[in-house]
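Enquirer: Before I ask anything, let me first share the structure, which is written out below as structure tokens.
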Amino acid sequence: MPQRLIEGLRRFQQEHFPRLQEHYRRLVAEGQRPSTLFIGCADSRVVPDRLTSSVPGELFILRNVGNLVPPFEPDAGFHGTSAGIEYGALILGVKDIVVCGHSHCGAIAALYAPTSPRTPHISRWLELARGAQLDAPVSEDVLRQTERRSIVLQLERLMGYPLVRERVEAGDLCLHGWHYVIEDGTVHILDVASGDFVPLGE
């Protein structure tokens with residue numbers, strides 16, 4: 001095991017855990033009751049609990065390549081992300097679902113690159129973002145636009161889940177789109193009325 005990870009585990013046990021020991025005990029005794037389902041990218045630069053200053057028990061986190069949402073498919077396949085959406089929305093009863101994309105997303109950049117026969121699962125998975133791709137020469141601006149367009153696409157696909165749609169229409173669940181700009185630490189929030197992403201606080 002990498003020495004850095006072992007040292008991190010020791011710091012957790014010696015420094016972090018003692019400060020929150022009672023909190024962890026309550027989470028075990030009472031069970032988890034997160035208020036938010038956070039659907040984020042698996043990118044190592046995106047750390048949801050640090051980004052939101054959350055403590056254990058506040059976020060139910062789903063991460064995958066590109067923060068993508070597959071369509072609702074009532075079949076016998078293995079649907080990990082879909083199962084997480086069901087669990088968060090129905091079993092845990094979260095009040096909010098956040099789809100959080102980010103700048104310099106490798107999944108989005110891959111939409112503009114040739115596919116490889118060596119990565120069939122990646123190629124198939126990225127089809128979930130294909131509708132966000134622009135018919136334009138690739139540039140940093142085009143990539144940022146595509147990242148944000150993909151977030152909107154995933155939110156639309158979430159509404160195809162009957163249990164999500166029912167709770168949204170009943171006013172019991174809210175959907176949110178965030179775009180995290182890694183290099184400056186800002187988060188831009190989707191304004192549903194205008195369709196624009198605006199910096200937090202504006």
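Enquirer: Would you pick out the residues in region 101-142 that are closer than 16 Å to LEU153 by Cα, touching a strand residue (DSSP E or B) at 6+ places or on another chain (Cβ under 9 Å) and either among the charged types (D, E, K, R) or open to solvent by less than 50 Å² (accessible area, probe 1.4 Å) (or both)?
Expert: Result: GLY101, HIS102, CYS105, ALA107, ILE108.
Enquirer: Here's another thing I want to ask about it. If a residue has to be assigned to a loop (DSSP other than H, G, I, E, B), among the hydrophobic types (A, V, I, L, M, F, W, C) and open to solvent by 50 Å² or more (accessible area, probe 1.4 Å) to count, how many in region 168-202 make the cut? Walk me through how you get there before you give the answer.
Expert: Keep residues of region 168-202 that are assigned to a loop (DSSP other than H, G, I, E, B), which gives 170-173, 182-185, 192-195, 200-202.
Still in the running and among the hydrophobic types (A, V, I, L, M, F, W, C): 170, 173, 182, 192-193, 200.
From what's left, open to solvent by 50 Å² or more (accessible area, probe 1.4 Å): 170, 192-193, 200.
Number of matching residues: 4.
Enquirer: Say whether the condition of being surrounded by 12 or more Cβ atoms within 10 Å (Cβ to Cβ), at pLDDT 95 or above and over 20 Å from ARG165 (Cβ atoms) is met by at least one residue in region 74-95.
Expert: no
Enquirer: On to the next question. Could you tell me whether any residue of region 96-109 is touching a residue at least 60 places away in the same chain (Cβ under 8 Å), acidic (Asp, Glu) and not in a strand (DSSP E or B)?
Expert: no
Enquirer: Another question about this same structure. Looking only at region 2-41, count every residue that is among the hydrophobic types (A, V, I, L, M, F, W, C) and in contact with a helix residue (DSSP H, G or I) (Cβ under 9 Å, 6 or more places away or on another chain) and tell me the total.
Expert: 5
Enquirer: Pull up region 1-21, narrow it to residues that are under 27 Å from the mean Cα position of the chain (by Cα) and of a type in the set (A, V, I, L, M), then point me to the one that is surrounded by the most Cβ atoms within 10 Å (Cβ to Cβ).
Expert: LEU20
Enquirer: Right, something else. Suppose we filter region 109-149 for residues that are within 20 Å of GLY195 (Cα to Cα), under 17 Å from the mean Cα position of the chain (by Cα) and not small (Gly, Ala, Ser); how many remain?
Expert: Residues meeting the conditions: 5.
Enquirer: Are there helices (runs of 4 or more DSSP H) fully within region 1-78 with at least 3 residues that are of a type in the set (Gly, Ala, Ser) and out of contact with any Phe, Trp or Tyr (no Cβ under 8 Å at 6 or more places or on another chain)? List them.
Expert: Hits in region 1-78: none.
Enquirer: For region 45-104, name all the residues that are more than 9 Å from the chain's Cα centre (by Cα), on the phi > 0 side of the Ramachandran plot and of a type outside the set (Gly, Ala, Ser).
Expert: HIS104
Enquirer: While we're here: With the requirement that a residue be open to solvent by less than 50 Å² (accessible area, probe 1.4 Å), touching a helix residue (DSSP H, G or I) at 6+ places or on another chain (Cβ under 7 Å) and not hydrophobic (A, V, I, L, M, F, W, C), what does region 143-158 give you?
Expert: Within region 143-158, THR146, GLU147, SER150 qualify.
Enquirer: In region 22-46, what count of residues is obtained for those that are of a type outside the set (Lys, Arg), open to solvent by 60 Å² or more (accessible area, probe 1.4 Å) and over 19 Å from GLY88 (Cβ atoms)?
Expert: 4
The values are calculated or read from the model by the stated rules, or taken from the named source; none is laboratory data. Everything numeric here is computed off the predicted structure, so don't read it as measured data. Counting neighbours? That spans all protein chains shown, and the Cβs are built from the backbone with ideal geometry, glycine included. We work out accessible area using only protein heavy atoms, side chains counted, and drop any ligands, DNA or RNA first. Shrake-Rupley method; radii C 1.70, N 1.55, O 1.52, S 1.80 Å.
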